[in-house]
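The values are calculated or read from the model by the stated rules, or taken from the named source; none is laboratory data. Note that the structure is predicted; figures quoted are calculated from it, not measured. When we count neighbours, we look across all protein chains shown, and the Cβ atoms used for this are built from the backbone with ideal geometry, even at glycine.
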Amino acid sequence: PILVFLIFSSLMYMACDGCDLDQVVRGCKIQQRQCICGIGCRSEYRYRSREECRNNLKGKVSDVCSTKPCANNGICMQTPMSPSMYKCRCEGTGYYGSR
C-alpha cells in the first residue's frame, strides 16, 4: 500500500507539474542558491549530478537567480537552455505571470 501511494503521488506531482513522461529525469537544479536533486521535468532539473550543480554554484556559471528576480515569493529557477535565463514558479502564491 505504501509503495502504491508513493508511485501515485509521484505521478500526480508530474502531472501537476506539467511535463510529459518522456521529459521526466533524475537530476539537480539550483533553487534559492542551493542544489536540489530529485525527479522532475528536464527543463528544471538541468544538471545531471550534484557535482555539476555545485560547480555552477561556485561561480563557474553565474546564478541568475542570485538577484532574486521573482516577485511575490515566486521561486526562481535557471532555464536549461541558458544559465543566464530564468523562470519563476508561482504555485501557491496567488499570483501568475513572468515574474
Subject >> Conditions (1) modelled with pLDDT under 65; (2) exposed (fewer than 13 other Cβ atoms within 10 Å of the Cβ): number failed by Arg26 >> reply: (1)
Subject >> Hits in segment 77-99 - residues which are at pLDDT 80 or above and of a type in the set (S, T, N, Q) >> reply: Thr93
**OP:** Could you please find all residues in segment 66-76 being within 16 Å of Ile36 (Cα to Cα) and at pLDDT 80 or above?
**Re:** Ile75, Cys76
